[in-house]
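The structure under discussion appears below in the form of structure tokens.
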Amino acid sequence: MIDELKLRAARAIDDRRERLVALSQKIHDHPELGFAEHQSVGWLVEECQHLGWQTTAGICELPTAWRADIPASAGGPTLAFLAEYDALPEIGHACGHNLMAIAPIGAAIGLEAALGEVQGRALVLGTPAEEGGGGKQFMTERGALAGVDAAFLVHPSAHSTVKTQALACEHYEIEFHGFAAHAAASPEKGLNALNAMILSFNHIDALRQHIKPSARIHGIITHGGDKANIVPEHTSAEFIIRAADNAYLDELMAKVRNCFEAGALATGCRFEWHQISPRYETINSNPTLSQLYFEAMQELGVDCPLEADRGFGSTDMGNVSWHVPAIQPMFSIVDHVANHTREFTAAAGSERAYEATLQTAKAMAFTAIDLLRRPELLDQARREFQEAKASLRDTSNE
Ligand SMILES: [Zn+2]
Ligand SMILES: [Zn+2]
């Protein structure tokens, strides 16, 4: 049975449905890459202003980071609903971040309708560049979460689950510098930066056979040379290394680095690697927030298992989740289709996806109402958060 206050929240979200769906569709149809989501941010901020919320764009020294403060009731805890809106090159909104752009606005609309009956503050935080830019880490470092008691984000997928699993990861640009020479007339004078790269890929393929099954190493060549008759003097690649915990990620990075150094040594080339974005942490799914969201989904009649039976990718929401109590449930918008495919892009603009997104907005609003109604639950969430951080410190000292 959904109580009166939650019904009020759900109705407020439904009343805004048409506008939210149109906004999401517009973002879907105009995909923008991380840190360049100018148009999307303009539309999102405009919508929040239309709702009468106080907005600030370009926070934390990031032009496409923003926040909207929902007019507060007197005091109480602060709950943050996070938005993402960056897309992928060539394949557009293949991770469905156009849905993650509107879900938090819907959640805040729902909570706003209940404020007065419950005491608290709500804000929407627009977080840029999740796909490899680490926007949330920069925002966390620069104080965007100051005063926030709990943070919520939802992510579309083929599967629903409350407690998302995410791998820690690091993202690197690799470069080899060789020496150009005529590839036919004087190959002996060249140092081949493409060979260095190809050897490195092969070393990593060999390494991959002997790593933990949950770990991932994957990359692409972004520059392979300039012309077939010139010994390649410069090549570059992009690599992501992922592991289920920080300690194993450190170990793996040292091994991957050896693979590149071996490529450099074999060819006489010089090797450089630059970290592209901050480390993405694993997700610390807060048990109390997870349980409340799970119950909210049950109240809404949506099947969303509490525990994940599979691993997912990585997310900078992980970094947020070690800073404040947080969850990032996944919600199903399609069957048997993986994220980062063109099929997922199509799914992210479907009626089913919008319906599922608004359900997650309601579930977040219900969770927030429960938290504000029962302050002891927020205390419990804080305790669990501190315990999780303490146990992380203990394992990293082993
Ligand atoms: Zn993605
Ligand atoms: Zn994503």
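Compare the peptides 282-288, 201-207 by average per-residue count of other Cβ atoms within 10 angstrom and give them in order, highest first.
Highest mean packing first, the order is 282-288, 201-207.
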State, in angstrom, two size descriptors of the chain derived from its alpha carbons: Rg to one decimal place and Dmax to the nearest whole number.
23.0, 83
From the helices alone, meaning DSSP H stretches of at least four residues, give me the mean residue ellipticity at 222 nm for the chain, per-run term -39500 (n - 2.57), in deg cm²/dmol to the nearest 500.
-14000 deg cm²/dmol
Over the chain, what relative contact order in percent results from Cα pairs under 8 Å that are six or more residues apart?
22 percent
Cα-centre dipole for the range 199-295 with unit charges at Cβ (Lys and Arg positive, Asp and Glu negative), debye to 20:
180 debye
Determine the percent antiparallel among the DSSP beta bridges restricted to the chain, to the nearest 5.
70 percent
Please identify, among GLY313, GLY96, GLY132, the residue showing maximal mean-square fluctuation in a Gaussian network model of the chain using a 10 angstrom Cα cutoff.
GLY313
Straight-line reach check, LYS189, cutoff 13 Å on alpha carbons, 8 or more apart in-chain or any other chain, hits among aspartates and glutamates -> GLU233
For the range 307-380, just say rounded, prolate or oblate: build the C-alpha gyration tensor, square-root its eigenvalues into a ≥ b ≥ c, call rounded for a/c under 1.5, and beyond that prolate if a/b exceeds b/c, oblate if not.
oblate
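What does the charge dipole of the chain about its Cα centre add up to, to the nearest 20 debye, if the Cβ of each Lys and Arg holds +1 and the Cβ of each Asp and Glu holds -1? Before the final figure, lay out the partial values.
Working: 32 positive and 52 negative charges, 38 e Å.
So the dipole magnitude of the chain works out to roughly 180 debye.
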Whichever lysines have a C-alpha closer than 25 Å to that of LYS136, once near sequence neighbours (fewer than 8 apart) are set aside:
LYS26, LYS163, LYS362, LYS389
Does the range 72-155 come out rounded, prolate or oblate, given a ≥ b ≥ c as the square roots of the eigenvalues of its C-alpha gyration tensor, rounded meaning a/c under 1.5 and, failing that, prolate meaning a/b above b/c?
oblate
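Which percentage, to the nearest 5, of the DSSP beta bridges contained in the range 203-339 is antiparallel? Spell out each step's value before the answer.
Working: 7 of 8 bridges.
Of all bridge pairs located within the range 203-339, approximately 90 percent are antiparallel.
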What angle do you read, to the nearest 10 degrees and between 0 and 90, between the alpha-carbon axis of helix 193-208 and the longest principal axis of the chain?
60 degrees
For the chain, set up a GNM with springs between Cα atoms under 10 Å and report which of LEU191, LEU33, LEU125 has the largest fluctuation.
LEU191
Radius of gyration, Dmax [the range 1-140; alpha carbons; angstrom]
15.0, 47
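Classify the range 258-398 as rounded, prolate or oblate from the Cα gyration tensor: take a ≥ b ≥ c as the square roots of its eigenvalues, call it rounded if a/c is under 1.5, otherwise prolate when a/b beats b/c and oblate if not.
The shape class here is oblate.
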Toward the positive end of the charge dipole of the range 256-331, about the Cα centre and with charges on Cβ (Lys, Arg +1; Asp, Glu -1), which of TYR280, LEU292, VAL320 goes farthest?
TYR280
With angles folded into 0 to 90 degrees, how steeply does helix 4-15 sit against the dominant principal axis of the chain? Use alpha carbons for both and round to 10.
60 degrees
Where the only charges are on Cβ atoms (+1 Lys, Arg; -1 Asp, Glu), what is the dipole of the range 1-99 about its Cα centre, to the nearest 20 debye?
360 debye
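Taken together, the values in this text are just the output of simple stated rules run on the coordinates, not laboratory data. Quantities reported herein were computed from a predicted structural model and do not represent experimental measurements. For neighbour counting, all protein chains shown are included, and Cβ atoms are generated from backbone atoms with ideal geometry for every residue, glycine included.
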